[in-house]
């Protein structure tokens, strides 16, 4: 079953989408399986992280270490967001999340975030597939 | 079909869980499909790596480069394991592994490891879902 | 349904395999689902990236930042490709890609690449599993 939703971002940052995923799983036609979540965007990614304010800041901060803003990228000759693309490739566009009894199996401190790595606000699409176990 | 097992770690490090995954696949009710493996923990991850002693040390060593221990993280004002969380988000909680004839399709030098990124021994849960192809 | 194909690489670099994946999905016995793509090799990975020449160069270039060539790795006492293994573990061997109406749901600028991280030309196997949604 293919589901999808849209999320309006404020630009570069990470956004907790766990509740939306929980809703889709709660409405699943079967109780047990895997939710495949995917962002069909070249400058976005999906990650699992605890939703704690300091940690959210830490994550956004360390992206600079992984792909420095002053890296002199070849792609920036035709666009200005090479860094966004490189971070998206590093973090990855998909997560596979198991569920049981129509409930996501996540750790107590484990949430799912959309990472918008572009340098401006964007409307992002998240595609979800439910697979029966 | 949902399966799970527990693994007692000695703390920060990586632990080969390939044999356990092979056992679950050998007992699969169907021969061909995908095994989704997932750790429901905010400070753990799953990776694929060759199980060679030097390489295991190299991997644990390079985690320091990716998320330095002396990074002055905001999360450390309320806890002491920001680094563990950031590494878990970078490496990711899940792997999707194809199998055929009830046998995982892995490279000769490719094993699956639980990465415990926390700074103390932990009892870790690994959730497994078998999906028919 | 298990599919697979082989790709001859020129060594260290990334190779667009999107068209091959599209063909497999176009021939799927069902219209909607998830394609699990996996490389059964310890020194290869799968990534999503825009296929723009500058960006491809940028990606190959930044691998040096993530795992430096001059890192003095323990694995290099028995082989010469510790770096290849560490990059493969960082980037990961699998991608889960949703499709609908027998067409991959990818962003306009989002392609799928095989990353060959070894230091010589290799014949690489890519395993594909189609799962009905």
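The values are calculated or read from the model by the stated rules, or taken from the named source; none is laboratory data. Note that this is a predicted model, so its numbers are computed, not measured. Backbone-built Cβ (ideal geometry, glycine too); neighbour counts: all protein chains shown.
Within the set A:30, A:7, the sole residue that is surrounded by fewer than 20 Cβ atoms within 10 Å (Cβ to Cβ) and more than 16 Å from the chain's Cα centre (by Cα) turns out to be A:30.
Scanning the range C:10-21 for residues that are under 12 Å from the mean Cα position of the chain (by Cα) and either within 27 Å of residue B:33 (Cα to Cα) or within 12 Å of chain A (Cβ to nearest Cβ) (or both) returns C:14, C:15, C:16, C:17, C:18, C:21.
In this structure, does residue B:35 turn out to be within 24 Å of residue C:78 (Cα to Cα) and surrounded by 18 or more Cβ atoms within 10 Å (Cβ to Cβ)? Can you show your working first?
Working: within 24 Å of residue C:78 (Cα to Cα): no; surrounded by 18 or more Cβ atoms within 10 Å (Cβ to Cβ): yes.
No: the conditions fail for residue B:35.
Regarding the range B:22-29, can at least one residue be identified that is in a helix (DSSP H, G or I), at pLDDT 95 or above and either within 11 Å of chain C (Cβ to nearest Cβ) or closer than 28 Å to residue C:70 by Cα (or both)? No - not one qualifying residue is present in the range B:22-29.
Can you confirm whether residue C:56 is buried (at least 20 other Cβ atoms within 10 Å of the Cβ), at pLDDT 95 or above, away from chain B (no Cβ under 11 Å) and part of a strand (DSSP E or B)? Criteria not met by residue C:56.
Of the residues in the range A:105-115, not one is more than 25 Å from residue B:81 (Cβ to Cβ), within 14 Å of chain B (Cβ to nearest Cβ) and touching a strand residue (DSSP E or B) at 6+ places or on another chain (Cβ under 6 Å).
Note on the range C:75-94: among residues that are facing chain B (nearest Cβ under 7 Å), free of Cβ contacts under 8 Å to residues at least 40 places away in the same chain and within 18 Å of the chain's Cα centre (by Cα), the one that is nearest to residue B:64 (Cα to Cα) is C:86. With respect to being within 14 Å of chain C (Cβ to nearest Cβ) and closer than 21 Å to residue A:62 by Cβ, residue B:38 falls outside the description.
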